[in-house]
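Participant: The structure is given below, and queries will be raised subsequently.
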Amino acid sequence: MRDIRVATVQFQPAASDKAYNLGRIRHFVTEAAHSAVELIAFPEMCLTGYWHVRKLSRAAFEALAEPVPEGRSTRDLLQLSREHGMTVGAGLLERASDGSVYDAYVVAMPDGTWAVHRKLHVFEHPNICAGDRYTVFDTPHGCRVGVLICYDNNIVENARATALLGAEVLLAPHQTGGCNSVSPRGMKPIDPAVWARRHEDAAACEAELCGPKGRGWLMRWLPSRAHDNGMFLLFSNGIGPDDDEIRTGNAMVLDPYGDVIAESRALGDDMVVADLDASVLPTSSGRRWLRARRPDLYGPLTRPTGQEQETWRVRFGE
């Protein structure tokens, strides 16, 4: 890997309004180009909107999805990528050739190539399908990139498998914070009154978004995905009202030691830019630990325990 300048974005998508959402992506890509950014990450399902889809009829849900790469959104991302010489990652609903719909993340590259990751752990709609593979690929910028979408990052094996496939940079697009977790020490809903008064009392709103309902919860575990696996990590997220929940933003870039090297505390759409120093990768703790693995001991990781459940059951405690 060589040194590379990256950006990650938080913004509030409009429900089912692809034109508006693409406009926000275009805005931030243009701004990033002014700063010579080569790789930029946008949030999960930011082209379609996120939490409202669970209420859509099957027909409306399927109509919101597009094929990849033939669909309009992917073609627009590829055009933006070519125009600015930048690799651009953004989330949408993908409709596969057999009609299956996935929570997917498209990464468009300036040489015309593309990659798509299908979320492995899904719960967004009764008719959504789960992906069945990891996504790691080389970019024209001299770095190898992996993608894990939101809940995918919660499962430690996913980050390790992505690192073992050679990922040096992990894109981690989310729509999180402010969720009503069944765990008593997990996330909880953001107070709508505090959000509504964010312009009058910014300090109170920042404390709400950055406390245990948002950033505080993330910082319990997200840095370990970077640290334990020796990867840079680009966390992108929604911000503000998302149907009946409020996302917490906190866009950030972490280095392979799990340290935050750039982050946003903005109470609205924002972008952070960071320079990734490739020289820290080889001697990072996680990268060295990968070399000390004992695969002969790891058989239990691949054997079912009988406790496995569908992600939506775990997520909602049903």
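The values are calculated or read from the model by the stated rules, or taken from the named source; none is laboratory data. None of these values were measured; they are calculated from a predicted model. Don't worry about glycine lacking a Cβ; one is built from the backbone with ideal geometry, like all the others, and counts go over all protein chains shown. Please note that ligands, DNA and RNA were not included when accessible areas were found on the heavy atoms of the full protein model with its side chains. Shrake-Rupley method; radii C 1.70, N 1.55, O 1.52, S 1.80 Å.
Participant: Quick one: how many residues across region 1-24 are touching a residue at least 40 places away in the same chain (Cβ under 8 Å) and surrounded by fewer than 24 Cβ atoms within 10 Å (Cβ to Cβ)?
Facilitator: So the count comes out to 11.
Participant: Restricting attention to region 43-58, does a residue exist that is touching a residue at least 12 places away in the same chain (Cβ under 8 Å), of a type in the set (Ser, Thr, Tyr) and open to solvent by less than 30 Å² (accessible area, probe 1.4 Å)?
Facilitator: yes
Participant: Identify, please: which residue in region 270-312 is open to solvent by 70 Å² or more (accessible area, probe 1.4 Å) and of a type in the set (S, T, N, Q) and is, among those, nearest to LYS119 (Cα to Cα)?
Facilitator: Across region 270-312, the extreme among qualifying residues is GLN309.
Participant: Somewhere in region 88-104, is a residue of a type in the set (Ser, Thr, Tyr), over 26 Å from SER35 (Cα atoms) and crowded, with 22+ Cβ neighbours inside 10 Å?
Facilitator: There is at least one residue in region 88-104 that is of a type in the set (Ser, Thr, Tyr), over 26 Å from SER35 (Cα atoms) and crowded, with 22+ Cβ neighbours inside 10 Å.
Participant: Can you tell me which residue among LEU77, LEU64 is at pLDDT 95 or above and within 30 Å of GLU38 (Cβ to Cβ)?
Facilitator: Exactly one of LEU77, LEU64 is at pLDDT 95 or above and within 30 Å of GLU38 (Cβ to Cβ), namely LEU77.
Participant: Same structure again: Suppose we filter region 161-181 for residues that are under 30 Å from SER279 (Cα atoms) and open to solvent by 70 Å² or more (accessible area, probe 1.4 Å); how many remain?
Facilitator: Of the residues in that region, 2 qualify.
Participant: Let me ask something else about it. Would you kindly identify the helices (runs of 4 or more DSSP H) lying entirely within region 182-259 that contain at least 1 residues that are open to solvent by 60 Å² or more (accessible area, probe 1.4 Å) and aliphatic (A, V, I, L, M)? Before you say what the answer is, go through the steps one by one.
Facilitator: On the way: elements: 192-196, 202-210, 215-218, 222-227.
Once the helices (runs of 4 or more DSSP H) in region 182-259 are filtered for at least 1 residues that are open to solvent by 60 Å² or more (accessible area, probe 1.4 Å) and aliphatic (A, V, I, L, M), what remains is 192-196, 202-210.
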